[in-house]
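A.B. asks: Let me give you the structure first, and then I'll get to my questions.
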Amino acid sequence: MAIYFIRHGQSEFNAAYNGEADPFIFDAPLTELGFQQAAATKADVSELGITRVITSPLTRAIQTSKTIFDGIAPIEVRHGHHELLKFSGDVGRHPEELRADFPDLSFDNLPLRWWHSHEDEDVQVLAEPVPVFQKRVAGFVAELENITSETIAVVGHGNAFQEIIGFMMNNCQVHKYR
């Protein structure tokens, strides 16, 4: 049994971000290139025997999961390994909004606000403190340790995976975690 990490494909935020100014693309979806990367990854993972997929609730991760695994393995939406909230692209959406876009998936286990929250509703993007992010990701990793009898794919984000494995994965890169 194994656990594979797969970073999402290129998002509209990834394509627009110049390293300086936030392009304000909230919950950024995949670009056409991102969908192509995911389709190519589908062939790469076809022989891994993946029986379950855990995806982040951010749209780019869900789209990557569906492109690779729809009809192959059940997709479960879970939070905890979602992106470190630093930019607009890392701000999530309420489960009802996600359900409208992805009616075949369950969002019942998500709180209404599963991304980093703050008291000031006038602030569009409030960065998540790194210690809060680290604690959140550590909790997710602890949950993964309970999975011992399945071969699963975890579709998520660069900063979360970097926190776990120590390096930044490329878009749609597959890494065997365990």
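The values are calculated or read from the model by the stated rules, or taken from the named source; none is laboratory data. All figures in this text were calculated on a predicted structure; none of them were measured in a lab. Here the Cβ positions follow ideal geometry from the backbone for every residue, glycine too, while neighbour counts run over all protein chains shown. In case anyone asks, the SASA skips ligands and DNA or RNA and just uses the protein heavy atoms, side chains included. Shrake-Rupley method; radii C 1.70, N 1.55, O 1.52, S 1.80 Å.
A.B. asks: Can you report the number of residues in the stretch 71-90 which are closer than 16 Å to D104 by Cα and either part of a helix (DSSP H, G or I) or among the hydrophobic types (A, V, I, L, M, F, W, C) (or both)?
C.D. replies: Count: 4.
A.B. asks: Right, next: Between a residue in the stretch 161-178 that is without any contact (Cβ under 8 Å) to a residue 40 or more places away in the chain and of a type in the set (F, W, Y) and any residue that is open to solvent by less than 50 Å² (accessible area, probe 1.4 Å) and assigned to a helix (DSSP H, G or I), which pairs come within a Cβ distance under 9 Å, given they are 6 or more apart or on different chains?
C.D. replies: Sorted first by the residue in the stretch 161-178, then by its partner, the pairs are F167/F161.
A.B. asks: With respect to I25, determine if the residue is within 19 Å of F5 (Cα to Cα), open to solvent by 10 Å² or more (accessible area, probe 1.4 Å) and part of a loop (DSSP other than H, G, I, E, B).
C.D. replies: Considered against the rule, which asks whether it is within 19 Å of F5 (Cα to Cα), open to solvent by 10 Å² or more (accessible area, probe 1.4 Å) and part of a loop (DSSP other than H, G, I, E, B), I25 comes out as no.
A.B. asks: Picking from I68, I6, which residue would you name as being at pLDDT 95 or above and either surrounded by fewer than 22 Cβ atoms within 10 Å (Cβ to Cβ) or in a strand (DSSP E or B) (or both)?
C.D. replies: Selected residue: I6, the only one of I68, I6 that is at pLDDT 95 or above and either surrounded by fewer than 22 Cβ atoms within 10 Å (Cβ to Cβ) or in a strand (DSSP E or B) (or both).
A.B. asks: Among K86, K42, which is the only one that is open to solvent by 10 Å² or more (accessible area, probe 1.4 Å), among the basic types (K, R) and closer than 28 Å to K135 by Cα?
C.D. replies: K86
A.B. asks: Could you tell me how many of the residues in the stretch 62-80 are touching a residue at least 40 places away in the same chain (Cβ under 8 Å) and within 16 Å of G9 (Cα to Cα)?
C.D. replies: Going through the stretch 62-80 one residue at a time, the tally reaches 7.
A.B. asks: Within the bounds of the stretch 32-39, is there any residue that is aliphatic (A, V, I, L, M) and in a loop (DSSP other than H, G, I, E, B)?
C.D. replies: No - not one qualifying residue is present in the stretch 32-39.
A.B. asks: The conditions are (1) open to solvent by less than 10 Å² (accessible area, probe 1.4 Å); (2) in contact with a Phe, Trp or Tyr (Cβ under 9 Å, 6 or more places away or on another chain); (3) among the β-branched types (V, I, T), and I50 fails exactly one of them. Which is it?
C.D. replies: That leaves (1) as the condition not met.
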